[in-house]
Amino acid sequence: MVITSKLPEIGLTIFSEMTRLALQHGAINLSQGFPDFDTHMELKELVAKYIRAGHNQYAPMQGVGALREIIATKTRQLYGAIYDPATEITITTGGTQAIYTAVTAMIHPGDEVVLIEPAYDCYAPIVRLNGGIPVYAALDFPSYRIDWDAFRRLINSKTRLIILNFPHNPSGAVLSAKDLETLAAILRPTPVLILSDEVYEHIVFDGLSHQSMSRHPELRQRSFVINSFAKTYHTTGWKVGYCLAPRPLSDEFRKIHQYMVFAVNTPIQHAYAEFLEDNQRYLSLPSFYQAKRDRFLHLIRKSRFRPLPCHGTYYQLLDYRQISEEPEMQFARRLTMEYGVAAIPPSVFYHRGDDHNVLRFCFAKKEETLNAAAERLNII
Ligand code: GLN
């Protein structure tokens with residue numbers, strides 16, 4: 001049988017690869033981004049409650065009404081953005097599906113899509129599978145800020161979409177209000193659309209506030225804002241997210257969504273709808289994760305790793321140049337196999353493999369996990 005692969009050079013994702021290596025070598029897994037502590041008991045009870053109450057058949061294609069309503073309320077309160085739950089909010093099977101659906105709905109063969117590097121691993125393959133052409137703007141190193149002049153030069157008549165991801169995975173960079181203004185000015189004379197992956201929206205530190213595309217009246221009109229409950233409620237395994245977009249964009253999004261997944265897990269949607277009523281659950285997240293970031297940095301302060309600034313997400317980049325000149329992939333493998341700590345090499349998030357001798361460590365971990373990892377990192 002001859003199979004012509006659509007993604008010939010793609011193998012297992014770096015997250016699966018490093019997690020597998022960690023398991024194989026009994027290493028502490030700070031690579032793939034997921035908490036090693038459980039979600040809230042009350043949320044688990046709510047899922048059980050809705051299953052017992054018989055909410056076990058298809059949900060509406062666009063999502064459970066109560067969940068779309070509470071998302072609309074939350075988005076209005078946090079960002080002053082009005083989205084109609086009936087037509088402009090769609091529940092998805094996680095952030096990745098929402099990204100796939102939005103790109104599929106918008107990209108025609110030959111359209112250019114601007115990606116900001118380092119770029120989360122699914123963006124370029126999704127663009128290419130839809131016949132789009134990824135073009136790349138690299139964040140400045142080591143500030144991980146957007147070079148707006150370089151960005152501006154990439155925009156031309158073929159540009160259809162730009163994909164943004166702030167708070168940024170893997171660097172932890174965030175956007176400022178001024179960045180939104182600059183972006184709005186650059187895009188004003190163009191029909192370019194935005195896909196904004198904001199799954200770390202509630203994990204922003206140091207008193208900064210999340211600059212959602214939905215905050216900006218002009219940018220909102222051309223944006224798919226993608227979100228997820230995974231990082232907010234420690235439920236990466238439940239795979240429920242959502243897409244906010246103005247009516248004409250949401251209409252096209254839903255045409256694809258209805259054939260890609262049709263509808264999303266019903267009892268979990270009901271449970272989230274009820275749990276979201278308590279806004280303290282997400283408003284307390286910055287201090288919860290900032291304490292973990294600070295604890296991790298404190299524990300490794302005497303090591304030979306040097307932290308880069310991290311203003312959001314649950315990832316911390318560490319520079320290892322005092323220890324080794326090996327490329328990131330090689331050092332990440334050796335760190336896992338010889339020292340028992342797994343991390344992610346950000347070079348895999350660049351199409352040319354740019355290597356800055358830094359690794360990404362996930363600090364969404366229990367105190368004892370961070371202690372044990374730090375003990376190992378401190379002796380290298
Ligand atoms: N988003 C998670 C990370 O960046 C990984 C998700 C996955 O394994 N695909 O680590």
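The values are calculated or read from the model by the stated rules, or taken from the named source; none is laboratory data. All values reported here derive from a predicted model rather than from experimental measurement. Heads up, the Cβs are rebuilt from the backbone with ideal geometry, glycines too, and the neighbour counts pull from every protein chain shown.
Does residue 42 fit the bill of being more than 16 Å from the ligand (Cβ to nearest atom), in a helix (DSSP H, G or I) and in contact with a strand residue (DSSP E or B) (Cβ under 9 Å, 6 or more places away or on another chain)?
Criteria not met by residue 42.
Six or more apart or on different chains, Cβ atoms under 6 Å: show the pairs whose first residue is in region 187-200 and under 10 Å from residue 227 (Cβ atoms) and in contact (Cβ under 8 Å) with a residue 40 or more places away in the chain and whose second is crowded, with 24+ Cβ neighbours inside 10 Å and small (Gly, Ala, Ser).
199/95; 199/228; 200/312
Out of region 275-312, which residues are within 16 Å of residue 359 (Cα to Cα) and either part of a helix (DSSP H, G or I) or in contact with a helix residue (DSSP H, G or I) (Cβ under 7 Å, 6 or more places away or on another chain) (or both)?
293, 296, 297, 300, 303, 305, 307, 310
Would you confirm, using the coordinates I've provided, whether residue 131 is touching a residue at least 60 places away in the same chain (Cβ under 8 Å) and either surrounded by fewer than 21 Cβ atoms within 10 Å (Cβ to Cβ) or under 16 Å from the mean Cα position of the chain (by Cα) (or both)?
no
Yes or no: residue 170 assigned to a helix (DSSP H, G or I) and within 16 Å of the ligand (Cβ to nearest atom)?
No; evaluated as a whole, the condition is false for this residue.
Yes/no per residue for (1) touching a helix residue (DSSP H, G or I) at 6+ places or on another chain (Cβ under 7 Å); (2) aliphatic (A, V, I, L, M); (3) surrounded by fewer than 24 Cβ atoms within 10 Å (Cβ to Cβ):
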residue	(1), (2), (3)
226	yes, yes, no
229	yes, no, no
232	yes, no, yes
239	yes, no, yes
244	yes, yes, no
249	no, yes, yes
252	yes, no, yes
257	yes, no, no
262	no, no, yes
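For region 153-164, indicate whether the set of residues that are surrounded by fewer than 17 Cβ atoms within 10 Å (Cβ to Cβ), outside any loop (DSSP other than H, G, I, E, B) and either modelled with pLDDT of 95 or more or within 16 Å of the ligand (Cβ to nearest atom) (or both) is non-empty.
yes
Of all residues in region 350-376 being of a type in the set (D, E, K, R) and surrounded by 20 or more Cβ atoms within 10 Å (Cβ to Cβ), which is nearest to the ligand (Cβ to nearest atom)?
The qualifying residue nearest to the ligand (Cβ to nearest atom) is 360.
How many of the residues in region 177-202 are over 18 Å from the mean Cα position of the chain (by Cα) and either part of a loop (DSSP other than H, G, I, E, B) or not charged (D, E, K, R) (or both)?
The number of residues fulfilling the criteria is 14.
Looking only at residues in region 318-349 that are within 15 Å of the ligand (Cβ to nearest atom) and in a loop (DSSP other than H, G, I, E, B), which one is surrounded by the most Cβ atoms within 10 Å (Cβ to Cβ)?
Applying the filter and picking the extreme gives 343.
Identify, please: which residue in region 14-31 is in a loop (DSSP other than H, G, I, E, B) and over 19 Å from residue 314 (Cα atoms) and is, among those, nearest to the ligand (Cβ to nearest atom)?
That would be 27.
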